[in-house]
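Computed from the coordinates by the stated procedures, all read-outs in this text should not be read as laboratory data. Predicted model only: the values in this text are computed from it and were never measured. Cβ: placed from backbone, ideal geometry, glycine included. Neighbour counts: every protein chain shown.
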Amino acid sequence: MTIDFTLNGKAQHVQIRSGDRLVYVLQKLGDFPSLVPDCLSGNCGHCLVFMDSRLIYSCITPAFKAKDTSIVTYEGFSKTDECKDIVHALTEAAAFPCDFCYKAKVLMIAELLERIPMPEPAQILEQLDIVSCTCTDPVSLTEAITLAAEARNKRKFKRANK
Amino acid sequence: MIAKQQNSESLPLLTTLSVPEMLSATVIRSRTAKAINLQVVPSKLPAGYRMITPKDIEEEGYGTYYSPNLPIFANGQAHYRGEPLGLIVGPDPVTCDELAQAVELSYEDQEPQFFWESFASSQIAYRKTFVYGNPDEAFKKAARVEKGIYHNGVFDHHYSEPMGALATWEYDKMVVYCASQWPSHVRDAVATVLRVPAADIAIKTTEIGTALDGRLWLPSQVACQAALAARLCRKPIKILFTRKEDYLYTSKQARSSVTIKSATDNNGRFLALDIVMILNIGAYNPMAEELVNQAMAAITGSYSCPSIRIEAYAVKTNVVPLGALGSIGSSYAFFAIEAHINHLAKVLPKTPAEIKSVNILLKGHSNFGAEPLETEIPFRRITEKLEELSDFKRKYASYELVKKRDPGCREGVVRGIAITLGYQSDRSFFKPPAMNSYTVEVALDRTLNLTINTHGAAGSPSVRAMWKTTASRFLSMDEKDIHLLPPVCNNQNQCGPMTLSRGATVVNQLIERACRALQKRRFRESLPIIARAQTRLPPRVTWEQNSLVGQPFAGASWCGTAMEIQVDRLTGEARPLCVWMVIDAGRIVIPDRALSSLRASILNALNLCIGEEFCPETVSEENYLYQRVISPSLYPTMQIEFLGSERTTRSKGLGELPFATIPPAFYSALTQAIGLEPKQLPLQGSDILKRLEEE
């Protein structure tokens, strides 16, 4: 079958098979180092993408689900101010995820802040479950997320929450 | 306030590494745990794909063993399910995977040996006994003799990136990219199988991640497979395990059974210990001797005992190779001795704290029958600080009172709290001592940029940041002008394994020495200036267990952990509420980074307590779908304090401390909460519930 969707703002017209996983289809459409078909079971988070602003594991999403949606990978997201806020906050809080999960964690934080502009620690911990890599301690990550939330709110609403 | 730290240079990821004309390779694996007359049946493959078996390797004149008794591919016999038998090489990795799974095998199945606690003599891979004092005499005179058997489970390392290797050529050299804690072992292994001088091979380390000491020797096997395939196909070859393959078939933490028989007086003071330690190392493990030695050395934990007899075995079984995790064998020992103290407390009856206080190791004690300890051991200070932080005495008494008043536990939720003490030795690792050698070269160039070259690979960005900060402080330079060269292992350097934190602090000290040497020459000589430093272990502080010479705890870092847990008696779920940790690890180079590493290590160590155990005998592909690390919703509150000594200028390793103290602390707190002695770890909700029901 043929499906149409936008990928990082560009229109795509792709021939797929019904059993194709979205991650493999996306990989063929360009150079996306952030997309790693690693666990293929929706666990590790190395294939996370935004589909219509919802964070999904592209390894367990059938490719046909992408029909008429807008997909954003880390490569597309990295050009946004939201991403810059998060990267800056991670550095500020000395939270350095390993290179293998870094991009997934940035997307995970972005999705949380989009849903909850100033998340509580319990909500942050719940969100950490999305990426299973244990390289970074939760205290530094929580601090980074709080800093990112403050920067984002300041930029978007001209105010900080604290 | 968290200080800003500049992110350090990162190493490449194998996943994203690619070279022109590169082919992929997938390992063909045994589908049975034990078989003879095993053969891969040749089959027609699509154009561009090729099968490589041991026969092809022999025909081309290459070696099939990369170390004595360690085959690259099983030849004729399978020793465990998933053992490599050959490779499928081709342009598309997914097709290679499909072809490898479809390969036909012919073999005669045999009954696998999964038993290990009572074992046949043919299963013994390594055996060691150690006696000092007069245990037999002490047992005769003892007021009380108690015995307990304590078990530790098998755990996966949960690597950040799955295992793999990329073999290619750069000029006239074969270059192998792989994430190894021991690059010179990889180089020697590849040179052995290719039958070329080691000088013709260079190893470039990729990002190791939180390997927890799981990348000590297995990367050598994968690197040899990639290098052989590259030679046979005359093209660069990349092997990258799938996550499922990595979970099912890479090495795990060894399983252990420790039987402790103790002779004590009426106060619980140890008079003698008689210990039998059995480590199940799976099909094979070149580190069996090290595992046994490290576990034996740590068996008395933080306690002193005048007479001891230890009998330790590394036993082979038909499961995946089982090896090191975290503290290389020490964690089994610490858990066993602390669990035994809990047992003594129950039977004497006394509190665990009372038994610990009469046995605690102090300066002047003579442990292992060696000379009296010259090292100041800060356990008293650590305990006092921990009691203050955790409000230990009040909580302990309260939970005991609640248990007495409400033995049926109408509330449904019970709590427990415990303090355990431990240490991380900087005892040298491998024999011969040359294997513990590290070198560092620092070079200040004409543009006033400093490059640090060490072949030891850092396991985390925190370690790299620590090395840069050390150089920056010694030379008063900005960190942005300091660069770490990517570790390359070639003929010029020989190195030992970089373990979780021991090697990292050794390299840090070498950087200090090299920078000091460079500083002396800085304004006397013209640039560039190069200074080198190499490991130099003074004989006085090293410890030789066989001859009992030296100081066993010189250079050790000390730690105490208090943990409070809550157990839901309806579900059996044990939830760690709070962890307090007090550490004396000398000078802490970057406190924030150290805290961050420790917190991550605490969570990994908690996985050994309540995480999912890996059952190598029965594990299936379905298990892989449900394997998880502990949920962030179970993360406890963590408070860590450093007991710094102003006089201390030396930094010591601390990454293993959570593995030494968290499992026993969890176990002790659980024992108080439920009033039972499960004598094993890990314990999931269902295990605890079962024991409560049995009660």
Fill in: Range of Cα positions in region B:598-695 per principal axis (Å), largest first
53, 36, 26
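Arrange B:MET163, A:MET118, B:MET638 by Cβ neighbour counts within 10 Å, fewest through most, would you?
Working: B:MET163 25, A:MET118 15, B:MET638 19.
Going from sparsest to densest Cβ surroundings: A:MET118, B:MET638, B:MET163.
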Worksheet item: Once the Cα gyration tensor of region A:2-77 is found, what semi-axes does its equivalent ellipsoid get, as square roots of 5 times the eigenvalues, in whole Å, sorted largest first?
Response: 17, 14, 11
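Sort B:ARG599, A:ARG21 so the one with the fewest other Cβ atoms within 10 Å of its own Cβ comes first. Each step should come with its number before you reach the end.
Numbers: B:ARG599 22, A:ARG21 19.
Going from sparsest to densest Cβ surroundings: A:ARG21, B:ARG599.
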Worksheet item: HN-Hα J couplings of region A:9-18 from phi, Karplus 6.51/-1.76/1.60, θ = phi - 60°, integer Hz, Gly and Pro as x?
Response: x, 9, 5, 10, 10, 10, 8, 10, 9, 5
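Based solely on its DSSP helices, what 222 nm [θ] is calculated for chain B when runs of n ≥ 4 H residues each add -39,500 (n - 2.57) and the sum is averaged over all residues, nearest 500 deg cm²/dmol? Don't jump to the answer; show the numbers that get you there.
Working: 17 runs with 209 residues, N = 695.
When only DSSP H runs of four or more count, the value is -9500 deg cm²/dmol.
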Discussion item. No partner Cβ under 4.7 angstrom, meaning no disulfide-compatible partner by this rule: which Cys of chain A qualify?
Written reply: A:CYS83
Discussion item. With +1 assigned to the C-beta of every Lys and Arg and -1 to the C-beta of every Asp and Glu, and no other charges, what is the dipole magnitude of region A:81-160 about the Cα centre in debye, to the nearest 20?
Written reply: 420
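Could you grab the relative contact order for chain B? Cα pairs under 8 Å, six or more apart, rounded to a whole percent. Can you show the working numbers first?
Values: 1602 pairs, mean separation 106.1, N = 695.
The normalised contact order for chain B reaches 15 percent.
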Discussion item. From the P(r) of region A:81-160, could you give the percentage of C-alpha pairs in the tail past 21 Å?
Written reply: 15
Worksheet entry | Nearest-ten-degree value, helix A:138-157 long axis tilted from longest Cα axis of chain A | 90
Discussion item. If the only charges are +1 at each Lys and Arg Cβ and -1 at each Asp and Glu Cβ, what is the size of the charge dipole of the protein assembly as shown around the Cα centre, to the nearest 20 debye?
Written reply: 1820
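Taking other Cβ within 10 Å of each residue's Cβ, how do B:ARG446, B:ARG187, B:ARG243, A:ARG115 sort, fewest first? Walk me through the numbers on the way to the answer.
Working: B:ARG446 8, B:ARG187 29, B:ARG243 22, A:ARG115 13.
Ranked by crowding around the Cβ, least crowded first: B:ARG446, A:ARG115, B:ARG243, B:ARG187.
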Worksheet item: Can you list the residues, at least 5 places off or on another chain, whose amide H is less than 5 Å from the amide H of B:LYS252, using H built in the peptide plane?
Response: B:LEU322, B:GLY323
Worksheet item: In terms of modelled amide H atoms, which long-range or inter-chain residues lie less than 5 Å from the amide H of B:ALA556?
Response: B:ASP426
Worksheet entry | Whole-Hz ³J(HN,Hα) from phi, Karplus 6.51 cos²θ - 1.76 cosθ + 1.60, for region B:151-165, glycine and proline x | 10, 10, x, 9, 10, 7, 7, 6, 4, 5, 10, x, 5, x, 7
Worksheet item: Rounded, prolate or oblate: which fits chain B when a ≥ b ≥ c are the square roots of the eigenvalues of the alpha-carbon gyration tensor, with rounded for a/c under 1.5 and prolate only if a/b beats b/c?
Response: oblate
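Only helices at least 27 Å long along their own axis, judged from Cα atoms, and with Kyte-Doolittle mean hydropathy of -0.5 or greater: name those in chain B from DSSP H. Write out the running numbers ahead of the final one.
On the way: long enough: B:502-521 (29 Å, -0.43); B:591-610 (28 Å, 0.62).
In chain B, the long hydrophobic H runs are B:502-521, B:591-610.
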Worksheet item: Just how large is the dipole of chain B about the Cα centre, in debye to the nearest 20, putting +1 at every Lys and Arg Cβ and -1 at every Asp and Glu Cβ?
Response: 1820
Fill in: Listed residues A:PHE50, B:TYR66, A:ALA94: farthest to the positive end of the dipole of the protein assembly as shown (Cβ charges)
A:ALA94
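After finding the eigenvalues of the alpha carbon gyration tensor for the protein assembly as shown, what semi-axes result from the square roots of 5 times each, listed largest first in whole Å? Intermediate values should be presented prior to the final figure.
On the way: eigenvalues 337, 216, 190 Å².
Over the Cα atoms of the protein assembly as shown, the ellipsoid semi-axes are 41, 33, 31 Å.
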Worksheet entry | Gyration tensor (alpha-carbon) shape descriptor, chain A, a/c threshold 1.5 | prolate
Item to complete: Tell me which residues come under 5 Å, amide H to amide H, from B:MET163 once H is placed; ignore anything under 5 positions away on its chain.
Response: B:PHE241
